[in-house]
């Protein structure tokens, strides 16, 4: 209950117009789907697509690369978007929980600014765990400081 209240307070205090702090604004342009249609999705989109955007140490500045922005081109058509904020710590602390949430919220705000309905976005955060690389190395820790964005293009009712 306290975590939910803290999340609602944090989201209410975070401006929806927050954007990447890159030198020029990044935008998504309409284009043809990046993958071949699948048997389960008739409009030419994949069932699910995802990317990971890394963060600098102790930073919550969401700065996707141009290549990552291009991969997110179809996100406006998604039925559901999951945004997962992560840190490279091994022991959860309040500071790291707040950082993981701030990373996820920064990505969420960026997506909303692009036109993704906030009603389609699910935010999740975890400070110690869900490491995708070996956390005992510098490169591994850098890869684990991330936000994963997963876009689902089919109704998940079935």
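The values are calculated or read from the model by the stated rules, or taken from the named source; none is laboratory data. Since the model is a prediction, treat every value here as computed from it, not as a measurement. Cβ atoms come from the backbone with ideal geometry, glycine included; neighbour counts cover every protein chain shown.
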Original post:
Across region 101-158, what is the number of residues that are under 15 Å from the mean Cα position of the chain (by Cα) and either under 20 Å from residue 76 (Cβ atoms) or buried (at least 17 other Cβ atoms within 10 Å of the Cβ) (or both)?
Top reply: 36
Original post:
How many residues does region 51-110 contain that are without any contact (Cβ under 8 Å) to a residue 60 or more places away in the chain, within 20 Å of residue 151 (Cβ to Cβ) and not in a helix (DSSP H, G or I)?
Top reply: 3
Original post:
Here are 69, 53: which of them is under 24 Å from residue 126 (Cβ atoms), under 13 Å from the mean Cα position of the chain (by Cα) and either surrounded by fewer than 13 Cβ atoms within 10 Å (Cβ to Cβ) or modelled with pLDDT of 50 or more (or both)?
Top reply: 53
Subject >> Lone unmet requirement of (1) touching a strand residue (DSSP E or B) at 6+ places or on another chain (Cβ under 9 Å); (2) under 20 Å from residue 46 (Cβ atoms) for residue 124 >> reply: (2)
Original post:
Does at least one position in region 130-138 carry a residue that is part of a loop (DSSP other than H, G, I, E, B) and modelled with pLDDT of 90 or more?
Top reply: no
